[in-house]
Amino acid sequence: MYKTTNQFLKFHKSNPKVYDMFCRITFRAMQKGLQNFGSSAVFEIMRWETSLVSNTTSQTLCNTF
C-alpha cells in the first residue's frame, strides 16, 4: 500500500465520523440535483459545520485524504 493510503486508514480508524459526514453531505447535494459539486466544497461545508459544533477557529480537517 502507498504511504498516503496507510495514513488515511489510520486517520479513518480514529475518525470514522469524518467519512460519514462526507457521505451525508455528498448524498444530500446529489438528492438536491447538484451535479457540479466537488469534494473541496464538501470539505468546506464540513469545516463550517464542525467549527460551529466544536466552537473552534482552527482548521480541524486537512485536504490530504
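What follows is calculated from the coordinates using simple rules that are stated; it is not laboratory data. For clarity, every value in this text was computed on a predicted model and none was experimentally measured. Positions of Cβ are generated from backbone atoms using ideal geometry, with glycine treated the same way; all protein chains shown enter the neighbour counts.
Convert each backbone phi in segment 25-31 into a coupling constant with the Karplus relation 6.51 cos²θ - 1.76 cosθ + 1.60 (shift: θ = phi - 60°), then list the ³J(HN,Hα) values in order as whole Hz, x for Gly and Pro.
5, 4, 5, 5, 5, 5, 5
Count the net charge of all other residues whose Cβ sits under 12 Å from the Cβ of residue 45, scoring Lys and Arg as +1 and Asp and Glu as -1.
+1
Can you give me the long-range amide H partners of residue 37? Hydrogens built in the peptide plane at 1.01 Å from N, cutoff under 5 Å, separation of 5 or more residues or another chain.
Counting only residues 5 or more places away or on other chains, the set is empty.
Local charge sum around residue 25 (other residues, Cβ-Cβ under 14 Å, Lys/Arg +1, Asp/Glu -1)?
Cβ neighbours under 14 Å give a net charge of +2.
Calculate the spin-label point distance for residue 52 paired with residue 31, positioning each point 7 Å from the Cα along the beta-carbon direction, and give it in nanometres.
Going from the residue 31 label point to the residue 52 one covers 1.7 nm.
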